[in-house]
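K.L.:
What follows is a structure written as structure tokens; I'll ask about it next.
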Amino acid sequence: MNPAFRSPSEPSSPARHWTRVCGLEDILPESGAAAWVDGHEVAVFRVRDAVYAIGNLDPASGANVIARGIVGDLGGEIVVASPMYKQHFSLITGRCLEDPALSVPAYLARVMDGEIWIRGKAVPRRRSAHKRRLVVIGNGMIAARTLEDLLEFEPQRHDITVFGGEPQGSYNRVLLSPLLAGDRPLAEVVTHPPDWYSRRRITLQADDPIEHIDRTRRRVRSRSGLEVAYDRLLIATGSQPIVLGIPGTSLDGVISFRDLRDVESMMTAARTQRRAIVIGGGLLGLEAAHGLRRRGMSVTVVHIEKHLMERQLDEPAAGLLRTEFEQRGIEFAMPAEAAQILGKTRVTGVRLADGRELAGDLVVMAVGVRPNIELARAAGLHCDRGVLVDDTLLTNDPSIYAVGECVQHRGRTFGLVAPLFDQARICAAYLAERAVRGFRPQPVSASLKVGGIDLFSAGDCAPAPGTESLVLRDAARGVYRRLLLHRDRVRGAVLYGDTSGGRWYVELIEKGESVASLRNELLFGAPEKRAAGGS
Amino acid sequence: MTAAETRTTCPYCGVGCGILAKVEDGAVRVRGDPLHPANRGALCSKGSALGETVGLEGRLLRPRVLGEEVGWDAALDVVARRFRRAIDEHGPDSVAFYVSGQLLTEDYYVANKLMKGFIGSANIDTNSRLCMASAVAAHKRAFGEDLVPTSYEDLDLADLIVLVGSNTAWCHPVIYRRILEAKERRPSLRLVVIDPRRTPTCDLADLHLPLRAGTDVLLFNGLLSWLANHGAADREFLDRHTRNGARTLLVADNTAGEVGAAARGCGLDAGALRLFYRWFTHTERVVTLFSQGVNQSGAGTDKANSIINVHLLTGRIGRAGMGPFSMTGQPNAMGGREVGGLANSLAAHMELENAEHRRLVREFWKSPRMAERPGLKAVELFEAVHRGRIKALWIMATNPVVSLPNADRAREALRRCEFVAVSDVVAQTDTAALAHVLLPAAAWGEKDGTVTNSDRHISRQRCFLPAAGEAKPDWWIICRVAERMGFSHGFGYRGPAEIFDEHVRLSAEGNGSSRAFDVGGLAALGEPAYARLEPVQWPVPAAGRRGTQRLFAGGRFYHPDGRARLVPTIPRAPRFALDDEYPLILNTGRIRDQWHTMTRTGRSPSLSSHFPEPFVDMHRADARHFGVVGGALVRVVTRWGRMTARLRISGEIARGALFAPIHWSDSTSSSARVGALVSPSVDPLSGEPEFKATPARIEPCVVNWYGFALARGPLALEGLSYWACAESGAFRRYEIAGRRVPGHWPGWARSLLRAGRQADWIDYEDAHAGTYRAAALRDGRLESCLFVGPGPDLPSRSWPASLFDRTSLTADERLGLLASRPSAPDAGPLVCACFGVGRYSIESAIAEGAGDLQSIGRRLKAGTNCGSCLPEIRRIIAEPIATEP
């Protein structure tokens, strides 16, 4: 059974209040059934092998029909659509997504020995008991997202304090590139200004990072000396840009591309300086190069690999990308390794390992990030490259959860945003004791946030033994599409110039079903009904 | 602008349809001539597409000597000098003409006159030898002269029509349609098809007898015996007008007197055979129409005589709605026979062996040197060329390297020959490739003269186009060579009218009703009357000046005693028997939309899409047994040669047999010249080769990939294991396959499609599965595309083909092109060539409720022009409705 059900108030075996309803197999997957539990009509749903129970009475129509609704997924939340007026009810909380006033009660449901059990007492919406103290370390976008989700599940239960290293509220780091390029205003980038916290009675300690965790006493201490006790601790320290171990990285005009401060520095530099050198030809480096070019600087990208974005792209796609950037006036030195950043106080250029020197008055290092784990490691939490978490986002300390770029889950660390939002939601559900499934990283997809370039990458794109690839090339249209298959299953996709079908490929990667029968049509986009057969 | 229509005739099969042709907006438009008695306005798919075949592309426009273009004088001098020298050094029999049923009667006449009356040899033979020489020999044996007694009108009047060895629906579609119309008018009309194959002709037959190949004589001997034993013999007719009846019956009784045994011998159900015999016995008006299935056999003459025998026994000849009816394959096979253009004839139905005839012709021609004995027949002729006995050979309007049996030997013979001249309309044929001198002949539409069709109608072919380049009429070329050879008199004609007049006068010369071929009534027409000449059925004797619909009306035949002969025919098997190494019997023939070696029909897009590549057809169970798969490539091997083609399992072929079409040459496919496989055995009397019974085996042709390409320009075909090319208008369609898997598909494909590095190139590659697709564009316009896969199941060709009409492709179309995913419904494989209707369109119409031919015709027009696709549409209607797989 799902390990999610470990609520302290839950009995260890079916006992009082729990009613056996039927066998799991009695309910078809992705459908519901109505049950009579302790004098209430309860709608029981089976979604794959998990079960959910919410009230069967549709508040909008007054009819007992919820069990007959269609089960689906709306923005990552498992919901049922009322068969009457089609409102969506969360299967986890019973909340009506369209109108919270119409929410239905939620019940605990579980499967044991192939039988479905329901606890007859609806999960209370509010608890009067003492609030649980939740401390969040980090105020990045994943931390804020986790809080948002948690408040949706349990608006009142926690007493929350957030410590952040940056001076403002939370902002969407993904939008830094459009901000730099001038495609988005600052107002759209900041998602959680300070009043967002105050209105929710969350204590925000901005610009005051935690320096110490005392797990024994369950307390944390901030740089300013503030000590706060916790019942639950959420580590969301994110990652930090890697700084190359070469001379000159501390010179003026050498920056990373990580936070708002970096963007501000770049925007300032673009007004006063002429030439920028970006070290790193990955996603972030290219976005930085594009942004700086758009702000009028001449830009050279130094990249150590033979082709750009080698983690997401294969060589031909990277070649098209390079051509496109070159047409926009960005120069490349690659493969080339930066050996030294030149300058006395302020940067004047970069010397490459082959001896060449590039002149420049701004150097942006975008050579990757590493999880920020010093704090967790110092607290004695198990760490490898990141803070180790299980499928519930719990660390080896049962009071401490971790989410975001600082974690390592089943051997993987995370840099792209989609799986992190998933982590946030699942972690919030566990914190709210509403969780029903563990975290399973979905295939990652990435797209380059550079105007006029359609680039999409999903899954594993590096050719490996046993991988087969399907390639479509249309140089004149600047189109390159590649799918990687392994044993007739889609493993990865690189789409350049024409990203249609991207979502479909992500689905196929997720499903992991054989695509042998549509192999020859895969790359041309999602199938439509054909008019007549082939010859 | 509209021009007046010119009345002319179709240059294809022996039906001899009248055509109204005109040039409109630079294009040639044709329609059936409603006043012509042969077709009364109808045309088949080939005839309807004539306009697509008259373009100048590929035409031979100027004389060439050893590949160099020269003037006419130079070319004619070379031909005349080489022939003169060979004759002077080695005698008249060291030279030969190999001519064609495509020639007009006037061309034929002067060729025959030059060879037999001036050079003094009878070494002039024709590709008609491959077509109906057996019918000629049988007619001579039975009637004393080469005479087809019947008329097309007899098909309208008959109560029973027996089609023997004829896929009339495909090879003579207008006749087939005429039969169907008669059957619609009079449902009591019965149609029996005797053919080893269940051809589309069988679809509307009341009875199909799928006899074992080569057992026709047994079947008709059985019929003869049955008729005699069931009181159907016309004793009075036999006694007054025939000889040899008793002897012939004795042979028939002895060989096939017992129906059960005859049925077993023919591989037929005895009940079905009896039913046919009974129908024949009780039907007075019966026409037995026979064609190449009878003629092209080592026993072809006997087969034809066994058919004629039953008509003589019952007296069903020379009267309305009855008689044996030989359908010729070529437009002017009959005309060739009339002028004597066969090595064993003289002229105007006179015989070489007959001293009186020789004298008569010599005096008429004022001949300096007459041939004294028969010349070499086609197969012997090329054997003599191979042995070096023929020093100079002139081939006119035919492609023997493709069409002769044992054709590889024929090709070798031409290679060895000291001097080969070829007159043709097309520059590149497998035969022209071996010529020393190429002479550009005027093509259909550019030349003037007469032709004779299967039912003795002499019709005018008229010119409505200017000659292409320096092309000249064949008669002109022959006469100029004759003059240069020193024959100053006898060839100074001013035009075809004068030649025709001489031919007509010769037919009447010393005739006195001793020869049926007498067209003296057409003498002294003069230019204007010749120009206006209406179709007329010979004989046209001077007295009366009227045509003759039916011969032998008074029971008068043309043996000296005026009686017909029944000919005892003893069944005999093909000369080469099947054995363990060659266990299958290879049959050959035509397909619906192609003519001979495709030098003309192959240029029509609509005609080329019915069967765009060579195939071999066989029974499903045999395919399993021999380990070959339908749709895949196979190799057919005989003792004489081999070919590679696509395996088709149509359900038309009986077990133990193979069928391959005759049309593909080295110009259109890598290795599909069926002629190369055919045994050189010939009928001992007619010299006609056995095209339909060569022992063969079949084996898989192992290739590692299959593909097709559509391209505006020619492909670089070197290194392919298989290719076949079909014209499709704006582009050519290539079916290809290979053993060697290219290491780098894109590079290989670029060189195949001749696309440079700068080409706008789209491609799709699934290297692991062996799938590669590519397209080259120029300025947004599709230039070529290529689809390769590991097996023969490739995407539909019709969708990418449809994109060749666009001046530029949209982004969606560029993507859809390689997806081969049509935006509009795919019409599917072509069924109706006249209106370009595909199979899927017909299926959808059926699914939408069109349940019969009429409603499909109303909806899609399919089958409403020539009607030759009607059997196929009928089959589609009869099929169970396909469900999604």
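K.L.:
Within the range B:506-524, does at least one residue satisfy the condition of being in a helix (DSSP H, G or I), of a type outside the set (D, E, K, R), open to solvent by less than 10 Å² (accessible area, probe 1.4 Å) and in contact with a strand residue (DSSP E or B) (Cβ under 8 Å, 6 or more places away or on another chain)?
P.N.:
Yes - at least one qualifying residue is present in the range B:506-524.
K.L.:
Name the residue, out of A:D397, A:D390, that is in contact with a strand residue (DSSP E or B) (Cβ under 9 Å, 6 or more places away or on another chain), open to solvent by 40 Å² or more (accessible area, probe 1.4 Å) and among the charged types (D, E, K, R). Show your work before the answer.
P.N.:
Details: A:D397 fails: open to solvent by 40 Å² or more (accessible area, probe 1.4 Å).
Of A:D397, A:D390, the one residue that is in contact with a strand residue (DSSP E or B) (Cβ under 9 Å, 6 or more places away or on another chain), open to solvent by 40 Å² or more (accessible area, probe 1.4 Å) and among the charged types (D, E, K, R) is A:D390.
K.L.:
Right, something else. Testing A:T237 on (1) outside any loop (DSSP other than H, G, I, E, B); (2) crowded, with 18+ Cβ neighbours inside 10 Å, one condition comes back false. Which one is that?
P.N.:
(1)
K.L.:
Now, a different point. Just one of the numbered conditions (1) away from every other protein chain (no Cβ under 12 Å); (2) open to solvent by 50 Å² or more (accessible area, probe 1.4 Å) is not true of A:P443; which one?
P.N.:
Among (1) away from every other protein chain (no Cβ under 12 Å); (2) open to solvent by 50 Å² or more (accessible area, probe 1.4 Å), the lone unmet condition for A:P443 is (2).
K.L.:
Further question: Select from the range A:134-162 the residues that are among the hydrophobic types (A, V, I, L, M, F, W, C) and over 17 Å from A:E227 (Cα atoms) and list them in ascending order.
P.N.:
Here is the first cut: in the range A:134-162, the residues among the hydrophobic types (A, V, I, L, M, F, W, C) are A:134-137, A:141-144, A:147, A:150-151, A:153, A:160, A:162.
Listed by number, the residues that qualify are A:M141, A:I142, A:A143, A:A144, A:L147, A:L150, A:L151, A:F153.
K.L.:
While we're looking at this one, here's another question. Could you list, in sequence order, all residues of the range A:28-70 that are out of contact with any helix residue (DSSP H, G or I) (no Cβ under 9 Å at 6 or more places or on another chain), within 16 Å of A:V111 (Cα to Cα) and small (G, A, S)? Walk me through it before giving the result.
P.N.:
The initial filter retains those residues of the range A:28-70 that are out of contact with any helix residue (DSSP H, G or I) (no Cβ under 9 Å at 6 or more places or on another chain), namely A:28-30, A:36-40, A:47-48, A:50, A:52-53, A:61-70.
Next, from what is left, pick out any that are within 16 Å of A:V111 (Cα to Cα): A:28-30, A:37, A:47-48, A:50, A:52-53.
Answer for the range A:28-70, where residues must be out of contact with any helix residue (DSSP H, G or I) (no Cβ under 9 Å at 6 or more places or on another chain), within 16 Å of A:V111 (Cα to Cα) and small (G, A, S): A:A50, A:A53.
K.L.:
Pick from the range B:132-168 the residues that are touching a Gly at 6+ places or on another chain (Cβ under 9 Å) and β-branched (V, I, T): which of them is farthest from B:N453 (Cα to Cα)?
P.N.:
B:V164
K.L.:
Away from chain B (no Cβ under 14 Å) and touching a residue at least 60 places away in the same chain (Cβ under 8 Å), is that true of A:V436? Show your work before the answer.
P.N.:
On the way: away from chain B (no Cβ under 14 Å): yes; touching a residue at least 60 places away in the same chain (Cβ under 8 Å): yes.
Taking the combined requirement at face value, the residue satisfies it.
K.L.:
A follow-up question, please. Give me a count of the residues in the range B:731-753 that are farther than 13 Å from B:A776 by Cα and either surrounded by fewer than 14 Cβ atoms within 10 Å (Cβ to Cβ) or of a type in the set (D, E) (or both).
P.N.:
Total satisfying the criteria: 5.
K.L.:
Can you work out which of the residues in the range B:792-808 that are within 10 Å of another protein chain (Cβ to nearest Cβ) and outside any helix (DSSP H, G or I) is surrounded by the most Cβ atoms within 10 Å (Cβ to Cβ)? Spell out the reasoning first.
P.N.:
So the first thing to find is which residues in the range B:792-808 are within 10 Å of another protein chain (Cβ to nearest Cβ), and the list is B:793-799.
Next cut, outside any helix (DSSP H, G or I) only: B:793-797.
Numbers: B:D793: 11, B:L794: 20, B:P795: 21, B:S796: 21, B:R797: 23.
Here the residue is B:R797.
K.L.:
Tell me which residues, restricted to the range B:238-273, are without any contact (Cβ under 8 Å) to a residue 40 or more places away in the chain, open to solvent by 20 Å² or more (accessible area, probe 1.4 Å) and in a helix (DSSP H, G or I).
P.N.:
B:D239, B:A246, B:D253, B:N254, B:A261, B:R264, B:A270, B:G271
K.L.:
Has the range B:770-791 got at least one residue that is more than 11 Å from chain A (Cβ to nearest Cβ), of a type in the set (S, T, N, Q) and surrounded by fewer than 19 Cβ atoms within 10 Å (Cβ to Cβ)?
P.N.:
no
K.L.:
I would also like to ask the following. Residues in the range B:60-91 that are surrounded by fewer than 20 Cβ atoms within 10 Å (Cβ to Cβ), of a type outside the set (V, I, T) and in a strand (DSSP E or B): how many?
P.N.:
Final tally of qualifying residues: 2.
K.L.:
Filter the range A:204-218 for residues that are in contact with a strand residue (DSSP E or B) (Cβ under 9 Å, 6 or more places away or on another chain), open to solvent by 50 Å² or more (accessible area, probe 1.4 Å) and part of a loop (DSSP other than H, G, I, E, B) and give the result.
P.N.:
The answer is A:R215, A:R217, A:R218.
K.L.:
Ok, one more. Could you say which residue among A:R201, A:R221 is in a loop (DSSP other than H, G, I, E, B) and open to solvent by 20 Å² or more (accessible area, probe 1.4 Å)?
P.N.:
Values: A:R221 fails: in a loop (DSSP other than H, G, I, E, B).
None of the others qualify; the one that does is A:R201.
K.L.:
Give the range A:272-285 a look and list any residue that's open to solvent by 10 Å² or more (accessible area, probe 1.4 Å), touching a residue at least 24 places away in the same chain (Cβ under 8 Å) and more than 14 Å from A:H307 (Cα to Cα), or say none.
P.N.:
Correct list: A:Q273, A:R274, A:R275, A:L284.
K.L.:
Which of the numbered conditions does A:R425 fail, given that it passes all the others? Conditions: (1) among the charged types (D, E, K, R); (2) more than 24 Å from A:N172 (Cα to Cα); (3) buried (at least 18 other Cβ atoms within 10 Å of the Cβ).
P.N.:
Result: A:R425 fails condition (2) only.
K.L.:
Considering every residue within the range B:91-99, establish whether at least one is at pLDDT 90 or above, within 28 Å of B:R389 (Cβ to Cβ) and of a type in the set (S, T, N, Q). Before you say what the answer is, go through the steps one by one.
P.N.:
Residues of the range B:91-99 that are at pLDDT 90 or above, as a first pass: B:91-99.
Filter again for within 28 Å of B:R389 (Cβ to Cβ), leaving B:91-99.
Still in the running and of a type in the set (S, T, N, Q): B:94.
Yes - at least one qualifying residue is present in the range B:91-99.
K.L.:
Name the strands (runs of 3 or more DSSP E) wholly within the range B:296-402 that hold at least 1 residues that are modelled with pLDDT of 95 or more and charged (D, E, K, R)?
P.N.:
Working: elements: B:323-326, B:345-347, B:392-396.
Hits in the range B:296-402: none.
K.L.:
Go through the range B:818-850 and give me each residue that's surrounded by 19 or more Cβ atoms within 10 Å (Cβ to Cβ), facing chain A (nearest Cβ under 8 Å) and at pLDDT below 75.
P.N.:
Within the range B:818-850, B:S820, B:R821, B:P822, B:D826, B:G828 qualify.
K.L.:
How about the range A:450-493: which of its residues are acidic (D, E), crowded, with 16+ Cβ neighbours inside 10 Å and within 11 Å of chain B (Cβ to nearest Cβ)?
P.N.:
A:E468, A:D474
K.L.:
Scan A:V51, A:V71, A:V37 and give me the residue that is within 27 Å of A:E148 (Cα to Cα), buried (at least 22 other Cβ atoms within 10 Å of the Cβ) and either modelled with pLDDT of 85 or more or not charged (D, E, K, R) (or both).
P.N.:
Details: A:V71 fails: buried (at least 22 other Cβ atoms within 10 Å of the Cβ); A:V37 fails: within 27 Å of A:E148 (Cα to Cα).
Of A:V51, A:V71, A:V37, the one residue that is within 27 Å of A:E148 (Cα to Cα), buried (at least 22 other Cβ atoms within 10 Å of the Cβ) and either modelled with pLDDT of 85 or more or not charged (D, E, K, R) (or both) is A:V51.
K.L.:
Please work out which one of (1) within 17 Å of B:W595 (Cβ to Cβ); (2) not in a helix (DSSP H, G or I) is the condition B:G51 fails and give its number.
P.N.:
If we test B:G51 against (1) within 17 Å of B:W595 (Cβ to Cβ); (2) not in a helix (DSSP H, G or I), just (2) comes out false.
K.L.:
Quick check, is B:F464 of a type outside the set (A, V, I, L, M), within 25 Å of B:E52 (Cβ to Cβ), open to solvent by 20 Å² or more (accessible area, probe 1.4 Å) and modelled with pLDDT under 95?
P.N.:
Judged against the criteria, B:F464 is a match.
K.L.:
How many residues does the range A:506-519 hold that are within 14 Å of chain B (Cβ to nearest Cβ) and open to solvent by 60 Å² or more (accessible area, probe 1.4 Å)? Can you show your working first?
P.N.:
Looking only at the range A:506-519, we keep the residues that are within 14 Å of chain B (Cβ to nearest Cβ), and these are A:514-519.
In the following step, the residues that additionally are open to solvent by 60 Å² or more (accessible area, probe 1.4 Å) were identified as A:514, A:517.
Qualifying residue count for the region: 2.
K.L.:
Pairs needed: first member in the range B:11-23, under 15 Å from B:M132 (Cα atoms) and open to solvent by 10 Å² or more (accessible area, probe 1.4 Å); second member anywhere, assigned to a loop (DSSP other than H, G, I, E, B) and among the basic types (K, R); C-beta distance under 9 Å; at least 6 residues apart or different chains.
P.N.:
Close Cβ pairs (under 9 Å, with a partner that is assigned to a loop (DSSP other than H, G, I, E, B) and among the basic types (K, R)) amount to B:C13/B:R590.
K.L.:
Return yes when B:A645 is open to solvent by less than 40 Å² (accessible area, probe 1.4 Å) and closer than 30 Å to B:I570 by Cβ and no when it is not.
P.N.:
Considered against the rule, which asks whether it is open to solvent by less than 40 Å² (accessible area, probe 1.4 Å) and closer than 30 Å to B:I570 by Cβ, B:A645 comes out as no.
K.L.:
Then there's this: Can you tell me which residues in the range B:709-762 are more than 14 Å from chain A (Cβ to nearest Cβ), in a loop (DSSP other than H, G, I, E, B) and among the aliphatic types (A, V, I, L, M)?
P.N.:
Hits for the range B:709-762 are B:L715, B:A716, B:L717, B:L720, B:A730, B:V741, B:L753.
The values are calculated or read from the model by the stated rules, or taken from the named source; none is laboratory data. No experiment lies behind these values; they were computed from the predicted model shown. In this analysis, Cβ positions are derived from the backbone assuming ideal geometry, glycine residues included, and neighbour counts consider all displayed protein chains. Areas reflect the complete protein model, heavy atoms only, side chains present, ligands, DNA and RNA absent. Shrake-Rupley method; radii C 1.70, N 1.55, O 1.52, S 1.80 Å.
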